[in-house]
1. Exactly one condition in (1) touching a strand residue (DSSP E or B) at 6+ places or on another chain (Cβ under 8 Å); (2) closer than 21 Å to Tyr401 by Cα; (3) loosely packed, with under 15 Cβ neighbours inside 10 Å; (4) of a type in the set (Lys, Arg) is false for Lys82; which is it?
2. Conditions: (1) more than 20 Å from the chain's Cα centre (by Cα); (2) within 30 Å of Thr18 (Cβ to Cβ); (3) surrounded by 15 or more Cβ atoms within 10 Å (Cβ to Cβ); (4) hydrophobic (A, V, I, L, M, F, W, C). Ile68 meets all but one. Number of the miss?
3. Please list, ordered by first then second residue, the pairs with beta carbon atoms under 8 Å, 6 or more apart or interchain, first in region 73-87 and outside the structural domain of Thr18 (by TED's automatic domain parsing), second surrounded by 14 or more Cβ atoms within 10 Å (Cβ to Cβ).
4. If we keep just the residues of region 109-121 that are in a loop (DSSP other than H, G, I, E, B) and either farther than 19 Å from Glu146 by Cβ or modelled with pLDDT under 95 (or both), which is nearest to the chain's Cα centre (by Cα)?
5. Give me a count of the residues in region 133-152 that are in a helix (DSSP H, G or I), of a type outside the set (Gly, Ala, Ser) and touching a Ser or Thr at 6+ places or on another chain (Cβ under 9 Å).
6. Which pairs have Cβ atoms under 7 Å, sit 6 or more apart or on different chains, and link a residue in region 14-36 that is modelled with pLDDT under 90 to one that is buried (at least 17 other Cβ atoms within 10 Å of the Cβ) and part of a loop (DSSP other than H, G, I, E, B)?
7. With respect to the numbered conditions (1) hydrophobic (A, V, I, L, M, F, W, C); (2) under 25 Å from Arg136 (Cβ atoms); (3) surrounded by fewer than 19 Cβ atoms within 10 Å (Cβ to Cβ), which one is the sole condition not fulfilled by Ile3?
8. In region 337-348, what residues are of a type outside the set (Gly, Ala, Ser) and either buried (at least 19 other Cβ atoms within 10 Å of the Cβ) or in a loop (DSSP other than H, G, I, E, B) (or both)?
Amino acid sequence: MGIRGDLQSIPLWEVLQTLSIGRKTGKLEIDNGLKRVEVFFENGKIVNVKTGFIEGYNAVLGLVLWNIGDFVFYPEGKTQNKTLNLDPLEIIVNFSKHLDLMNYLSDFVLLPVRMDGLALEEEVVSSSFDGTAKVRDVVLNSPLGELKALELIQKLIREGKLLRVDDDERLFWIYILWRFWKFLMQEEGRRYLINERGLKKDIQSFVSKIHEDFSGLLEDLINSEKMSWHYFYRHLTRFDFNEVELAIRDVFDFLNKYVKSEIDKTKAEQFSVVLKGEGNDIFVPVCRDLRTDEFVVSLFFDGERTLRQVFDYSPLEKIYTQNVIANLIINNCLINVKSDYKIAMIYSFYIFWNTLKRELKEESLIKEIEKVWSEFVGSSLLDVRYLFNHIVLDRRPNFIYFYKEKDKYSEDEIKNFIVEAGGLIYSVLESKLSKSNKDEVFNKIIREIESKVVKEKEIYISLIR
């Protein structure tokens, strides 16, 4: 008789491990209503994985990512195509790096800004990013299979053909206007409009009066059902950042006249208390799947701006901004980095690394430290290394990922890794800089950390001692 159940009650790894330990032969079939995956076992070993037209090694990552669906094991199920010979533990080891990359990139919205020289498979992946799709959507629904899609996304990011919405500030401002405009024109946003018909009519006239070179882009943005991001990006490069920001802020000022901003006394009081007590602190977004206007506001919380700075900087009307930020805080989707010790430690390393790179003037020294870091991470067997490697490799880290992953590690594991990594970097500086120069760099780092998360400075002070 076959084993059956659902992955919400019995995790996938437990199912695979049970079949492996029992040295079972047969087919495990998992179905979530949209996709189906088949896992073939022979004497407890996984000999093939098949989903749609994808099978073998390329289908394994898709299997790893399954966390919902019904499963049935058929002892009589067999395959003629035995391309694998894996047990569940080997999958964890062999795909841990891919799984971590997927978890890290998962929540990013990427925009295809260069289509030149793309191979057919690259074009399939790139064109899947329509401005709202996140990496996890594209990977999980790719006809190329999850592993191939993820590897191509990583390649296109590295080549600068796919950009995060905040990788280029000009693109960022165009993007947030487009998302907010689409929000207002759809069901979830229409209830905030005072006069939808008047807005649609008046905005055409308003945009046409903006600088001639820029008005055409804005007219396309407002009237296009589907955005051609590479077209917009190519034309945006003609403008400097300040020109783009000022033009987009003018459009937001116009839109704000048509948006209802009702004062919620409870939220206003809560926000006032937080702003007064924590307004100069750094807040970061930690939730997935936000409402569109919440997502737009969350993009301004970049790990550098304080709560007060975001409130002042947001182009949305102030009461509307206040209501959105209050919702995010109330729902624990926006947190003060000081409020969670693990996040505070991870954030302190972010400050450490970025201040270090800013203060070191010699490019060759930075390259040497990056090489030492790469060797250190490559030789480490600790999974916590993935957390910190993303900080080193990414200009603006994904705090949603950090918040989700932090509970896998104890406070001591995180702290000890920082001490070990920081000590290694400090030893490189000792061999290259005079004591006074080295201490000057570290003292600037400590002051920067102290200004933002306070307690965690002790970790870095201990390196100097």
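The values are calculated or read from the model by the stated rules, or taken from the named source; none is laboratory data. None of these values were measured; they are calculated from a predicted model. Glycine also receives a Cβ, built like all others from the backbone with ideal geometry; neighbour counts cover every protein chain displayed.
1. For Lys82, the exception is condition (2).
2. Among (1) more than 20 Å from the chain's Cα centre (by Cα); (2) within 30 Å of Thr18 (Cβ to Cβ); (3) surrounded by 15 or more Cβ atoms within 10 Å (Cβ to Cβ); (4) hydrophobic (A, V, I, L, M, F, W, C), Ile68 violates only (3).
3. Listed pairs, sorted by first residue: none to list.
4. Per the criteria, the residue is Val113.
5. Taking region 133-152 and keeping what is in a helix (DSSP H, G or I), we get 135-141, 146-152.
This time we only want the ones that are of a type outside the set (Gly, Ala, Ser), so: 135-141, 146-148, 150-152.
Those still in the list that are touching a Ser or Thr at 6+ places or on another chain (Cβ under 9 Å) too: 135-139, 141, 146, 148, 150, 152.
Number of matching residues: 10.
6. Asn32/Gly69
7. Unmet for Ile3, out of (1) hydrophobic (A, V, I, L, M, F, W, C); (2) under 25 Å from Arg136 (Cβ atoms); (3) surrounded by fewer than 19 Cβ atoms within 10 Å (Cβ to Cβ): (2).
8. Val337, Asp340, Lys342, Ile343, Met345, Ile346, Tyr347
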